[in-house]
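Following: one structure in structure tokens, then a few remarks.
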Amino acid sequence: MTDETTDQPTVRTGSVWAAVVAAGEGTRMRVTPATSAVRKPFIEVAGVPIVVRTLRALAACADIEGISLGVAVGDVDLVTELVASSGLADRVRRVVAGGARRQDTVREAVRAVPEDVEYVAVHDGARPFVSVEVLDRAVAAARRTGASCVGLPCHETIKRVDDEGVIRETLDRSRLFSAQTPQTFRRAQLLAFLEEADREGTHVTDETALFDMRGIGVEAVTGERANIKITTPDDLAIAESLCGGPGGFMRGESLGEGIAVGIGYDMHPLVKGRRLIVCGVDLPSEVGADGHSDADPAAHAVIDALLGAAALGDIGRLFPDTDPAYKGADSMGLLARVRGRLAEEGYSARSIDLTVFLERPKVGPHVRHMLRRLREATGVPVERLNIKAKTMNGIGPVGEGRAVAAQAAAVVERL
Ligand code: MG
């Protein structure tokens, strides 16, 4: 096999970027109140925006070195922020404003791919379930033949109907192929065809059409039925079920990769002349918790649970008690900073369960206030926060009223 222009042996490991089109208005999605105000790329499936799921799926393919993302003109800043907060900034290297039609957005995204990149895999932003196996096959086929299109053979019998809706012809389904994405081509050739289509006013619904209308064969690569394009509310329901329902895991992703759990525990002595602050709430008490900071054991336990889940060490590493900066520190403020630290690493807290161990005063009447403080500091909605309170029946330092303790478990998701 030789390269057309140089007669040099074809470079089988030609570099690949993905060009993702996510500029859709989602007009076919706007039938329910839940989705009416949200543009399609930002609609969530099991708690994660569709476009983030798609970018994560592409980032899982080792062959794809970079991603160029075409979005609606008004969405560039918002999507850039979403990409960063999802920990995808190192893979999504370009976020560009698209155009009115799909092909305009594809053209802008392909234009933004660096010129030394050999292949571009064009992918729909609304196909989050593309697997690494399909991506590998698509890239391998394009490197072999210069152009590939993922899709499925037709198992249903397709009819041609006339203007009156009367069936006039039954097509030979053995020759039919239902196209999906990615569709992978040589970057320079694809860009030239897209620009030519723009100049000549040619409209296409996918990129393979630009090749077959020129008589250039595109290799058909077998895709997967799960590689659906989320277009209608029905598709959204299917997508939720593919994720195992709201809060479910991403398809093909193990518990260890997407979701992590951490625990934390803390205890402080109770002494006269100190305030007793638990989960950011000042409790009425003759004795208070002693410590370098405000000695809030609940905040400290939650911080350790979150840091543990994200494998980021512990509270002492982040906020050393030898550092005078943290003397008397507001621990809920430290918790909010931990939330930011997690976001930098691409993690987001999903749920927190906290137990406070205190003999007196009673914690129960303050739980609602504590839940509010915890929500403010962590951003986790109240329905996924839980605070329990226990006494120790007169036994041990807590039971004897000499200490306050807290234990927390946290679930985080890597976005
Ligand atoms: Mg502590």
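The values are calculated or read from the model by the stated rules, or taken from the named source; none is laboratory data. Keep in mind that what you see is a predicted model, and the values were worked out from it rather than measured. All Cβ positions, even for glycine, are placed from backbone atoms using ideal geometry, and neighbour counts span all protein chains on display.
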What single numbered condition from (1) surrounded by fewer than 17 Cβ atoms within 10 Å (Cβ to Cβ); (2) farther than 18 Å from Gly24 by Cβ fails to hold for Leu78? (2)
If Met370 satisfies every condition in (1) within 12 Å of the ligand (Cβ to nearest atom); (2) in contact with a Cys (Cβ under 7 Å, 6 or more places away or on another chain) but one, which is the exception? (1)
Ala298 versus (1) in a strand (DSSP E or B); (2) touching a Cys at 6+ places or on another chain (Cβ under 7 Å): which is the lone unmet condition? (1)
Taking the stretch 374-384 as the search range and keeping residues that are of a type outside the set (S, T, N, Q) and either buried (at least 20 other Cβ atoms within 10 Å of the Cβ) or not assigned by TED's automatic domain parsing to the domain that holds Pro284 (or both), which one is farthest from Leu342 (Cα to Cα)? Leu374
Within the stretch 377-404, residues being farther than 20 Å from Ala299 by Cβ and touching a residue at least 12 places away in the same chain (Cβ under 8 Å) number 7
Taking only the stretch 277-290 into account, find how many residues are surrounded by 21 or more Cβ atoms within 10 Å (Cβ to Cβ) and within 15 Å of the ligand (Cβ to nearest atom). 6
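Quick one: in the stretch 301-313, which of the residues that are touching a residue at least 60 places away in the same chain (Cβ under 8 Å) and in a helix (DSSP H, G or I) is farthest from the ligand (Cβ to nearest atom)?
Ala309
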The stretch 207-227, residues that are outside any helix (DSSP H, G or I) and surrounded by fewer than 19 Cβ atoms within 10 Å (Cβ to Cβ): Met213, Arg214, Gly215, Ile216, Gly217, Glu219, Ala220, Thr222, Glu224, Arg225, Ala226
All positions within the stretch 84-96 that are buried (at least 17 other Cβ atoms within 10 Å of the Cβ) and over 16 Å from Glu65 (Cα atoms): Ser86, Val96
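This table checks each residue for (1) in contact with a Phe, Trp or Tyr (Cβ under 9 Å, 6 or more places away or on another chain); (2) over 29 Å from Thr232 (Cβ atoms).
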| residue | (1), (2) |
| --- | --- |
| Gly146 | yes, yes |
| Glu156 | no, no |
| Lys159 | no, no |
| Asp162 | no, no |
| Val166 | no, no |
| Arg175 | no, no |
| Ser178 | no, no |
| Glu195 | no, yes |
| Gly201 | no, yes |
Name the single residue, out of those in the stretch 105-130 being β-branched (Val, Ile, Thr) and touching an Asp or Glu at 6+ places or on another chain (Cβ under 7 Å), that is surrounded by the fewest Cβ atoms within 10 Å (Cβ to Cβ). Val122
In the stretch 387-415, how many are surrounded by 16 or more Cβ atoms within 10 Å (Cβ to Cβ) and part of a strand (DSSP E or B)? 14
Can we say Asp323 is in contact (Cβ under 8 Å) with a residue 24 or more places away in the chain and either polar (S, T, N, Q) or within 16 Å of the ligand (Cβ to nearest atom) (or both)? no
Given (1) within 13 Å of the ligand (Cβ to nearest atom); (2) touching a Ser or Thr at 6+ places or on another chain (Cβ under 8 Å); (3) more than 23 Å from Gly394 (Cα to Cα), where does Gly316 come up short, assuming only one miss? (2)
Mind listing whichever residues of the stretch 267-276 are within 16 Å of the ligand (Cβ to nearest atom), touching a Gly at 6+ places or on another chain (Cβ under 9 Å) and not basic (Lys, Arg)? His268, Pro269, Leu270, Val271, Leu276
